[in-house]
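Here is the structure we will look at, set down as structure tokens.
The values are calculated or read from the model by the stated rules, or taken from the named source; none is laboratory data. All values derive from a computational prediction rather than experimental measurement. Neighbour counts are summed over all protein chains in view; Cβ atoms, including those assigned to glycine, are modelled from backbone coordinates with ideal geometry.
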Amino acid sequence: MPGEAELRRLLRRIDGRGYKAYKDLAPCYRLGALELHVDHVQADPFASPSRLRVRLPAAEAGLPEELRTARVRRIALADYLARRVRLAIRDGGASKRGSGKSGLVAIDAGGQEVLERTAVALGRGFVEARLSVGLPAAGRRVRGLEAEALLCEDLPRIADRALRFERLPRGGAERFVACVENQEHLRGRLAELGLVGFVAEGSILPRESGASDRPLRRGAVPFAAPDSLRVEVELPNPRDPDDPASTRVTGLGIPRGVTLVVGGGYHGKSTLLRALERGIHPHVPGDGREGVATDPTAVKIRAEDGRRVEGCDISAFIGELPYGRSTRAFQTDDASGSTSQAANIVEALEVGARALLLDEDTSATNFMVRDARMQALVRKENEPITPFLDRVRELHERLGVSSVIVMGGCGDYFDVADTVIEMRSFAAHDVTREAREVAATHPTRRSAEAGRPLPPVTPRIPLAKGLDASRGRREVKIDARSVDALRFGASEVDLRAVEQLLDPSQTRAVGHAIWLARQRCLGEGTTLREAVEALERIFDEEGLDVLDPHRRGEARRSEAHPGAFARPRRFEIAAAWNRLRSARLRPARGDDPGD
Ligand code: ADP
Ligand code: MG
């Protein structure tokens, strides 16, 4: 492997030459203890940056073994190190060194959630950070001396500061890992405690603004739980690192079943629900939601008119449409509010959701309820919709699927709720008993509308032929332009309504996962559920790097970045698959879609 002297010599030699001369870089250099891997060299200073990896032997990094023993600890440690690398870059690790992206150094460290990601890899004998680097240019000429400083000095300094344990803030990694481990433990306990969600007392749920995911700092009211729903959980690590006895957490336990969140406008209902939506992942220490945990299979359900639906049996919610159109294998390129919301539920159940989260703010009114007066005016035979109100108990009782519904505007739901929580001035109150009394003294006089029992979900079989990731001359062209815009080959997938997708690197991973499933998971009669389950096994066994098609030899080097994936859940993968307009899915029972 060439060493530092060779690298310096090369960079000086190509100084002032055309930008393409950077292609002379060798795939790998040894800089002292550090290995510098050059995976991809950008074509020009304005193209997407070059991809480099800096790798330090484990013996040099000195990461304590106890921080890597369990899977959750490794994920947390890698996440922590990626954040340290980002800090080292920001704090003077590198600077602008010419035109275009010259001198840019970036790592794909996360936001407020802690996700399994590929930015930092903890290998068997090494730790490695994956970086995007803008190789310096003046106009379109190589700035070799700047590149020398960047590659031979800045990058080693960043690696030294962020990947060597002795250089990290004392106790920082341990605290981060312990906090994440506590959160995973809490989430793991929910099922046996009979809960869909837990919100610790003292949590800070509101965010800084609609555009920021950081905690609201001024005037945030810490979360308070009602006595009757207070649950205590023992944690593996102290919550406060300075107090070894602080291993208990108390908070609101939301029981499985049907839960209503009621309350006046602006009293914190949607904020609570949003915290639960995000409670499927751990959060960084200081986020305010470290004590919020939700059933990891919980799916946010909303109306999404305009979406495409393919071969989906929504007949449990939407019966025969005008002119005798069947909804047993419903197909549309432009769903209505109610049909889209029904499809979102059925698709979530299809891949194993055990909890649904709904907010009146983003639901179709006619999907949620049909009151007594409307029942009297529009006869049942002219209304295809069986409202959620008439299915939500069966979802729980027959399928074991719980619901948490934010509902400030319709008391008809009191009849079907197991638990009613009122948010009042941002504090939670248990008003279940009062709601039952109101239900008894003010009957709704509406009649239940479910004509037949809730049918089991019909599995669907995805076809390989609809999954084409090619664009132009490229075999595989998949990218995320933002968290909610996936480009898959020639298709654009609109993921704005998939609200639990939270990181563009998850979106990128979703696209590549669908492509990987096409390569490795689809067989004769494989259902969508089986395909996404197979993907989860592949991720568990082979790691997320498997998503990089370049590594698998299926795409050019420039087509992927091993360091820019974050793990999505199966629900978000299925959600994107369902929204991919070219995808073909047919019901497993053999009906043709669109009949
Ligand atoms: P609702 O859904 O009940 O109408 P929201 O959850 O949308 O209310 O909250 C209304 C406003 O109050 C939002 O701006 C939100 O950020 C803020 N908010 C919510 N919870 C708290 C809290 N615990 N402390 C301070 N502000 C809060
Ligand atoms: Mg609201």
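Pick from Pro64, Pro45: which is surrounded by fewer than 18 Cβ atoms within 10 Å (Cβ to Cβ) and not assigned by TED's automatic domain parsing to the domain that holds His283? Show your work before the answer.
Working: Pro45 fails: surrounded by fewer than 18 Cβ atoms within 10 Å (Cβ to Cβ).
Answer to the check: Pro64.
Residues that are part of a loop (DSSP other than H, G, I, E, B) and of a type outside the set (Lys, Arg) within the stretch 461-476 comprise Leu467, Asp468, Ala469, Ser470, Gly472, Glu475, Val476, listed in sequence order.
A single entry from Leu235, Leu229 fulfils the requirement of being aliphatic (A, V, I, L, M) and more than 27 Å from the chain's Cα centre (by Cα): Leu229.
Could we say that Arg124 is basic (Lys, Arg) and in contact with a strand residue (DSSP E or B) (Cβ under 9 Å, 6 or more places away or on another chain) here? Full working, then the answer.
Numbers: basic (Lys, Arg): yes; in contact with a strand residue (DSSP E or B) (Cβ under 9 Å, 6 or more places away or on another chain): no.
In short, no.
The set of residues from the stretch 319-338 being out of contact with any Pro (no Cβ under 9 Å at 6 or more places or on another chain) and within 20 Å of Leu495 (Cα to Cα) comprises Thr332, Asp333, Asp334, Ala335, Ser336, Gly337.
Take the residues in the stretch 251-267 that are among the hydrophobic types (A, V, I, L, M, F, W, C) and in contact with an Asp or Glu (Cβ under 7 Å, 6 or more places away or on another chain); name whichever of them is farthest from ligand 1 (Cβ to nearest atom). So the residue we want is Val258.
Tell me, which strands (runs of 3 or more DSSP E) lie completely within the stretch 268-374 with 1 or more residues that are within 16 Å of ligand 1 (Cβ to nearest atom)? Of the strands (runs of 3 or more DSSP E) lying wholly inside the stretch 268-374, those with at least 1 residues that are within 16 Å of ligand 1 (Cβ to nearest atom) span 292-294, 298-301, 355-359.
Does Ser203 satisfy the criteria of being farther than 16 Å from Val420 by Cα, within 16 Å of ligand 1 (Cβ to nearest atom), over 19 Å from the mean Cα position of the chain (by Cα) and not hydrophobic (A, V, I, L, M, F, W, C)? It would help to see each step written out before you state the result.
On the way: farther than 16 Å from Val420 by Cα: yes; within 16 Å of ligand 1 (Cβ to nearest atom): yes; over 19 Å from the mean Cα position of the chain (by Cα): yes; not hydrophobic (A, V, I, L, M, F, W, C): yes.
The answer is yes for Ser203.
Annotation note: of Glu304, Glu277, the sole residue that is over 16 Å from Ala335 (Cβ atoms) and either out of contact with any Pro (no Cβ under 9 Å at 6 or more places or on another chain) or not assigned by TED's automatic domain parsing to the domain that holds Arg391 (or both) is Glu277.
Counting just the residues of the stretch 391-412 that are under 13 Å from Ala355 (Cα atoms) and within 16 Å of ligand 2 (Cβ to nearest atom), which one comes out surrounded by the most Cβ atoms within 10 Å (Cβ to Cβ)? If we take residues in the stretch 391-412 being under 13 Å from Ala355 (Cα atoms) and within 16 Å of ligand 2 (Cβ to nearest atom), then Val404 is surrounded by the most Cβ atoms within 10 Å (Cβ to Cβ). Would you confirm whether any residue within the stretch 364-374 is free of Cβ contacts under 8 Å to residues at least 24 places away in the same chain and away from ligand 2 (no atom under 16 Å from the Cβ)? Scanning the stretch 364-374, I find at least one residue that is free of Cβ contacts under 8 Å to residues at least 24 places away in the same chain and away from ligand 2 (no atom under 16 Å from the Cβ), so the answer is yes. The strands (runs of 3 or more DSSP E) found entirely in the stretch 17-67 include none that carry 1 or more residues being of a type in the set (Phe, Trp, Tyr) and within 33 Å of the chain's Cα centre (by Cα).
When Val142 is tested against (1) under 16 Å from Leu77 (Cβ atoms); (2) at pLDDT 95 or above, only condition (1) is not met. Among the residues making up the stretch 137-150, those that are within 16 Å of Val38 (Cβ to Cβ) and either assigned to a helix (DSSP H, G or I) or in contact with a Leu (Cβ under 6 Å, 6 or more places away or on another chain) (or both) are Gly144, Ala147, Glu148, Leu150. Out of Asp430, Asp361, Asp371, Asp415, one residue alone is surrounded by fewer than 22 Cβ atoms within 10 Å (Cβ to Cβ) and touching a Cys at 6+ places or on another chain (Cβ under 8 Å). It is Asp371. Checking each residue in the stretch 1-42 for being surrounded by fewer than 17 Cβ atoms within 10 Å (Cβ to Cβ) and among the small types (Gly, Ala, Ser) picks out Gly3, Ala5, Gly16, Gly18, Ala26, Gly32, Ala33.
May I ask you to say which residue of Glu153, Glu174, Glu166 is surrounded by fewer than 19 Cβ atoms within 10 Å (Cβ to Cβ), assigned to a helix (DSSP H, G or I) and without any contact (Cβ under 8 Å) to a residue 12 or more places away in the chain?
Details: Glu174 fails: without any contact (Cβ under 8 Å) to a residue 12 or more places away in the chain; Glu166 fails: without any contact (Cβ under 8 Å) to a residue 12 or more places away in the chain.
The unique qualifying residue is Glu153.
The residues of the stretch 128-150 that are crowded, with 21+ Cβ neighbours inside 10 Å and among the basic types (Lys, Arg), listed by number, are Arg130, Arg143. Applying a threshold of 8 Å to beta carbon distances and a minimum spacing of six or more residues, or different chains, the list of pairs starting in the stretch 337-353 at a residue that is closer than 10 Å to Thr297 by Cα and ending at one that is at pLDDT below 95 reads Leu349/Val457.
Specify the residue that is nearest to Glu174 (Cα to Cα); the eligible residues are those in the stretch 239-278 that are in contact with a Lys or Arg (Cβ under 6 Å, 6 or more places away or on another chain) and more than 11 Å from ligand 2 (Cβ to nearest atom). Within the stretch 239-278, the match that is nearest to Glu174 (Cα to Cα) is Pro241. If you go through the stretch 64-85 and keep only what is among the β-branched types (Val, Ile, Thr) and either within 13 Å of Arg175 (Cα to Cα) or touching a strand residue (DSSP E or B) at 6+ places or on another chain (Cβ under 7 Å) (or both), you end up with just Val85.
Could you check, for the stretch 260-270, whether at least one of its residues is closer than 18 Å to Leu358 by Cβ and of a type in the set (Ser, Thr, Tyr)? Step through it out loud before you land on a result.
Keep residues of the stretch 260-270 that are closer than 18 Å to Leu358 by Cβ, which gives 260-263, 265, 267-270.
Add one more test, that the residue is of a type in the set (Ser, Thr, Tyr), and what stays is 270.
Within the stretch 260-270, one or more residues are closer than 18 Å to Leu358 by Cβ and of a type in the set (Ser, Thr, Tyr).
Going residue by residue through the stretch 587-595, is there one that turns out to be at pLDDT 95 or above and either in the same structural domain as Gly111 (by TED's automatic domain parsing) or among the acidic types (Asp, Glu) (or both)? Within the stretch 587-595, none of the residues are at pLDDT 95 or above and either in the same structural domain as Gly111 (by TED's automatic domain parsing) or among the acidic types (Asp, Glu) (or both).
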